[in-house]
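In what follows, a single structure is set out as structure tokens and then discussed.
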Amino acid sequence: MKYSYFPGCTLRTKARDLDAYARVSARALGFELEEIDNWQCCGGVYPLGSDEIATKLSSVRALNQAKEKGQDLVTLCSACHHVIKRVNDDMKNVEDIRTRANNYMKLEEPYAGETEVLHFLEVLRDRVGFDELKKKVVSPLKGKKIGAYYGCLLLRPGKIMAFDNPENPTIIEDFIRAIGATPVVYPYRNECCGGYISLKEKDMSRNMCNNIMDSAAGFGAEMLITACPLCLYNLNKSGNGKLPVHYFTELLAEALGVKEEALQTLTSDKEVAQA
């Protein structure tokens with residue numbers, strides 16, 4: 001099974017490991033992430049201006065490429081997923097935006113939101129299935145108590161993102177169980193870490209991160225996992241350091257026995273970049 005894949009800018013720089021672990025895990029699970037050609041930055045923030053078109057066009061290009069291939073579009077970065085999913089909803093349901101974007105892009109066939117946008121976690125849940133994932137685990141992470149950190153972008157706005165229940169999500173906890181670990185449910189798992197205000201409002205962002213860390217640690221978590229590069233960076237930089245924070249794909253690769261393969265890829269890419 002092939003999916004069109006939008007990695008996004010951060011997965012080419014600071015979050016290369018999120019990408020590498022996902023690719024080797026996908027192969028181990030029997031599906032392929034086919035990176036779309038000449039993708040451009042999605043902007044990282046969904047533009048709220050109702051008349052804003054230009055900053056949505058890179059997302060429309062990616063969505064249309066997937067449509068032309070007859071494939072669903074998979075994302076990993078929470079910010080990219082948020083932007084592309086919402087732009088797709090605009091193209092499907094907002095006639096003014098759809099018309100103006102198509103007039104600007106002059107595609108052979110107008111794009112009208114036909115592509116299904118899936119986060120990698122949704123592929124695991126809805127296409128692979130957590131029961132099937134569990135069967136393919138070769139190194140179950142028994143004894144590890146892991147807190148899921150969702151953040152804001154995957155869950156809200158709930159009706160458009162349709163990722164999980166925004167107030168009581170379970171997808172990452174179910175993922176944790178599938179790889180053999182124990183999920184720790186804690187109150188702040190779907191609260192914002194303050195990543196977008198971390199430069200201007202450092203104290204506020206620090207307090208938000210500390211609340212998350214304290215909450216998870218207080219309920220017995222030994223680590224946190226996330227899908228969001230900005231959240232991981234902010235929790236590590238602004239938080240109190242009570243818990244390590246990892247990408248969920250790292251634990252997936254470890255459980256599937258392919259983590260070393262990803263590490264070799266990362267090392268090789270680093271050597272090439274330094275050459």
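The values are calculated or read from the model by the stated rules, or taken from the named source; none is laboratory data. This structure is a prediction, so every number in the text was calculated from the model and none was measured. Glycine also receives a Cβ, built like all others from the backbone with ideal geometry; neighbour counts cover every protein chain displayed. The protein model used for the area step is the full one, side chains on, heavy atoms only, and it has no ligands, DNA or RNA in it. Shrake-Rupley method; radii C 1.70, N 1.55, O 1.52, S 1.80 Å.
Working only within region 126-167, note down all residues that are out of contact with any Pro (no Cβ under 9 Å at 6 or more places or on another chain) and charged (D, E, K, R).
Hits for region 126-167 are Asp126, Arg127, Asp131, Glu132, Lys135, Lys136, Lys142, Lys144, Lys159, Asp164, Glu167.
Does any residue in region 113-127 that is under 13 Å from Tyr5 (Cβ atoms) come within less than 6 Å, Cβ to Cβ, of a residue that is of a type in the set (Asp, Glu) and at pLDDT 95 or above six or more places away or on a different chain, and which pairs are these?
Listed pairs, sorted by first residue: Leu118/Asp72.
Could you list, in sequence order, all residues of region 196-236 that are among the small types (Gly, Ala, Ser) and either in a loop (DSSP other than H, G, I, E, B) or in contact (Cβ under 8 Å) with a residue 40 or more places away in the chain (or both)?
First pass over region 196-236, keeping only residues among the small types (Gly, Ala, Ser): 198, 205, 215-218, 220-221, 227.
Passing the criteria: Ser198, Ala216, Gly220, Ala221, Ala227.
State which residue pairs qualify: first residue under 18 Å from Leu251 (Cβ atoms) and in the same structural domain as Asn210 (by the TED database) and inside region 148-172, second residue open to solvent by 50 Å² or more (accessible area, probe 1.4 Å) and of a type outside the set (Phe, Trp, Tyr) in any location, beta carbons under 6 Å apart, and separation of 6 or more residues or different chains.
Between residues of region 148-172 that are under 18 Å from Leu251 (Cβ atoms) and in the same structural domain as Asn210 (by the TED database) and residues that are open to solvent by 50 Å² or more (accessible area, probe 1.4 Å) and of a type outside the set (Phe, Trp, Tyr), the close pairs are Ile171/Arg125.
For region 186-214, name all the residues that are in contact with a Ser or Thr (Cβ under 9 Å, 6 or more places away or on another chain), hydrophobic (A, V, I, L, M, F, W, C) and under 18 Å from Ile225 (Cβ atoms).
Cys193, Cys209
Kindly indicate the residue of region 28-51 that is within 22 Å of Lys136 (Cα to Cα) and in a loop (DSSP other than H, G, I, E, B) and also most open to solvent (accessible area, probe 1.4 Å) among those meeting that condition.
Gly30
For region 237-258, what are the residues that are part of a helix (DSSP H, G or I) and either acidic (Asp, Glu) or surrounded by 21 or more Cβ atoms within 10 Å (Cβ to Cβ) (or both)? Talk me through it step by step, then tell me what you get.
From region 237-258, those part of a helix (DSSP H, G or I) are 237-238, 248-256; that's our starting set.
The answer is Ser238, Phe248, Thr249, Glu250, Leu251, Leu252, Ala253, Glu254, Ala255, Leu256.
Scan region 202-230 residue by residue and report those that are over 21 Å from Glu167 (Cβ atoms) and either open to solvent by 80 Å² or more (accessible area, probe 1.4 Å) or basic (Lys, Arg) (or both).
Lys202, Asp203, Met204, Arg206, Asn207, Glu222
Going by the conditions given, is Val74 assigned to a helix (DSSP H, G or I), in contact (Cβ under 8 Å) with a residue 24 or more places away in the chain, crowded, with 17+ Cβ neighbours inside 10 Å and β-branched (Val, Ile, Thr)?
Working: assigned to a helix (DSSP H, G or I): no; in contact (Cβ under 8 Å) with a residue 24 or more places away in the chain: yes; crowded, with 17+ Cβ neighbours inside 10 Å: yes; β-branched (Val, Ile, Thr): yes.
The answer is no for Val74.
When you check Lys85 against the structure, is it under 23 Å from Glu34 (Cα atoms), of a type in the set (Lys, Arg), crowded, with 19+ Cβ neighbours inside 10 Å and out of contact with any Ser or Thr (no Cβ under 7 Å at 6 or more places or on another chain), yes or no?
Details: under 23 Å from Glu34 (Cα atoms): yes; of a type in the set (Lys, Arg): yes; crowded, with 19+ Cβ neighbours inside 10 Å: yes; out of contact with any Ser or Thr (no Cβ under 7 Å at 6 or more places or on another chain): yes.
Yes.
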